[in-house]
1. Would you check if there is a residue in the stretch 211-221 being assigned by TED's automatic domain parsing to the domain that holds Glu150, in contact with a Phe, Trp or Tyr (Cβ under 9 Å, 6 or more places away or on another chain) and over 30 Å from Val302 (Cβ atoms)?
2. Please go through the stretch 159-178 and pick out each residue that is touching a Phe, Trp or Tyr at 6+ places or on another chain (Cβ under 9 Å) and either free of Cβ contacts under 8 Å to residues at least 24 places away in the same chain or of a type outside the set (Ser, Thr, Tyr) (or both).
3. When Asp296 is evaluated against the numbered criteria (1) within 22 Å of Thr334 (Cβ to Cβ); (2) surrounded by fewer than 18 Cβ atoms within 10 Å (Cβ to Cβ); (3) free of Cβ contacts under 8 Å to residues at least 40 places away in the same chain, which criterion, by number, is the only one it fails?
4. Scanning for something polar (S, T, N, Q), in a strand (DSSP E or B) and within 28 Å of Asp296 (Cβ to Cβ), does the stretch 333-340 turn up at least one residue?
5. Check Glu310 against each of (1) out of contact with any strand residue (DSSP E or B) (no Cβ under 8 Å at 6 or more places or on another chain); (2) more than 28 Å from Lys288 (Cα to Cα) and name the one condition it does not meet.
6. Against the definition (more than 23 Å from Asp344 (Cβ to Cβ) and charged (D, E, K, R)), how does Asp446 come out, yes or no?
7. What about Asp497, is it loosely packed, with under 13 Cβ neighbours inside 10 Å and at pLDDT 95 or above?
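The values are calculated or read from the model by the stated rules, or taken from the named source; none is laboratory data. Just so we're clear, the structure is a prediction, and the values are computed from it rather than from any experiment. For neighbour counting, all protein chains shown are included, and Cβ atoms are generated from backbone atoms with ideal geometry for every residue, glycine included.
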Amino acid sequence: MAYNFCEFCGKPLENGKCTCTEWLAANPTAAADEVLAKSSEEVSKTENPTEEQAAPAAEPVAEAAEPVAETPATEAPVAEISAAEVPAAAVAAQKPAKKKNTGLIIGLIAGGVALLAAIGIVIGIIVYKNSRPVEVDISEYIEIKCEGYETIGKAYAEFDEESFRADYADQIKYNKEGKKYYKDEDPMDNFVSTVTLAMPEWEIAEDLSNGDEVTFEWEYLSTYSIEGYFNVILSADPVTVEAEGLTELGTIDLFEDITVTFEGTAPVGYAKIERGDSDIWLDYTADKTTGLSNGDKVTVTVDYYGDLEEYCIEEFHAVPEATTKEFTVEGLETYVLSSSEIDDNMMKLMTDQADAVLTSGLANAFTSDIIKDPSFECIGNYFLVAKDLETWGDVNKIVLVYVINIPLVVEGEDQTYNKTIQYYYGVGFDNLKYLSDGTPSVDVNDYTTYSEYMSIDTGIPCSEYTNYALWMYGYEDIDDLAASAVVSYSADYDSEDNIDESKLIASATDETSAEGDGTAETEATEAAETEATEAAETEATEATEAAATEATESSEAA
């Protein structure tokens, strides 16, 4: 046989009920029903006594007759007559034959007494129950809600006020201290307010994924704030749940609408970041935007003034695939930074233009018949590169150096000038570069010439006051050309000297040495001529003097 046991005293329950005080206090209605049932049972027994109950009652009747007669009237014996003695008194008094239902009266009295006792018990139970502290497990009314998306979910704790009010509608009361403090204010409202104020305003956990464990602990709810003012025994244990309901996130390519272009000329190219029509509030920056050459790597980073990931989740319901992307520099034109980078095609573009300039210039400058077929030859170049490649000026310069040969023949009355005049001339070009496909690019129409005014005197008279002379533009000395084309730019440019020294014009000293024998011969000839002239003059003088002497002597004789 299976038993159910009382949760308070542990005794078996009879018909699901127990008679212990704790059980009756917890179940006041059942307790009152039990008392009334017992009262009804007593009344029934009084109205319908069994034979065993009725037989002994006859004996006191006979015995009671005698004391009734002996009892003085002033002692009011009626008040002491028991329920069993009432019939005997009636017989002794020889009342009329009308029979009273004394058993019913006694039963009613007994029932009333029992009822009063039951009522007292119920009242006591109710008073006990109302005065006993209410046990409240407040953690049962905490709901932990998870919101957001996987990996960045957040958890919030909420107090289920509605359910709490429903479950403890009339049970939350003030204690003595609470009545003094809160006076006539509603205890339930103040209890709920106390709990609500202890709830956290912000998330209790973040960066959550489904399945993560989340725990809420009462950090701001003190036991005294409840038990010190309310007739409550408080239980506030931590609440632990598993995160769930977080939305799975997709991914988004934040660089899909971004175009990175490269412009300018290497090694000073630059990057431009262009956005599409999107109005998203994102910022894109490159780790390097200037000083670029083909093949360089540029890393672009996307950023947001707040939390980028949260913004993407709210805006796109996705997380970024990446926040950086690398781009390779390509398509730039390229400056020449060394003469070794000049290929034959580029050099031919420049020499062809320089040759044309010289050919035209010489043809226009020297039209006299005394000039016979001038010529020129490129003997090398000076190459310059800017020290600051991001200069607003020219990044590079090249000066092609030429030796110009002018054959000059001037015939005088007694001598001839037959000599080839040589001098230096420079033709320069700027900003040499290659296009993105490798094609050489030089603006050959934008050239610079390097020269200065110079003249050569032949020594052959062309009139009473002047000699034949040659006027031209160039440099007699290579150092003078270098000073003009290279040294003057040395503060801002580094230079290379690519001149073929074997083709330099012979210096004045060398010419003097080479022409030494001719000079001596001329001097000897001039000395002989002077000597012959002086001899002739002496002879003439002597002849004149002899003639004069002879004339004098003849005059004297006469």
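1. Within the stretch 211-221, none of the residues are assigned by TED's automatic domain parsing to the domain that holds Glu150, in contact with a Phe, Trp or Tyr (Cβ under 9 Å, 6 or more places away or on another chain) and over 30 Å from Val302 (Cβ atoms).
2. Listed by number, the residues that qualify are Phe159, Asp160, Glu161, Ser163, Phe164, Asp167, Ile172, Lys173, Asn175, Glu177, Gly178.
3. Asp296 satisfies every listed condition except (2).
4. yes
5. Of everything listed in (1) out of contact with any strand residue (DSSP E or B) (no Cβ under 8 Å at 6 or more places or on another chain); (2) more than 28 Å from Lys288 (Cα to Cα), Glu310 misses just condition (2).
6. no
7. Spelling it out, it is not the case that Asp497 is loosely packed, with under 13 Cβ neighbours inside 10 Å and at pLDDT 95 or above.
Residues are listed down the side, and each one gets a yes or a no for (1) in the same structural domain as Asn431 (by TED's automatic domain parsing); (2) aromatic (Phe, Trp, Tyr); (3) over 30 Å from Ser484 (Cβ atoms):
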{"residue": "Leu292", "(1), (2), (3)": "no, no, yes"}
{"residue": "Val302", "(1), (2), (3)": "no, no, yes"}
{"residue": "Glu309", "(1), (2), (3)": "no, no, yes"}
{"residue": "Ser375", "(1), (2), (3)": "yes, no, no"}
{"residue": "Tyr382", "(1), (2), (3)": "yes, yes, no"}
{"residue": "Trp392", "(1), (2), (3)": "yes, yes, no"}
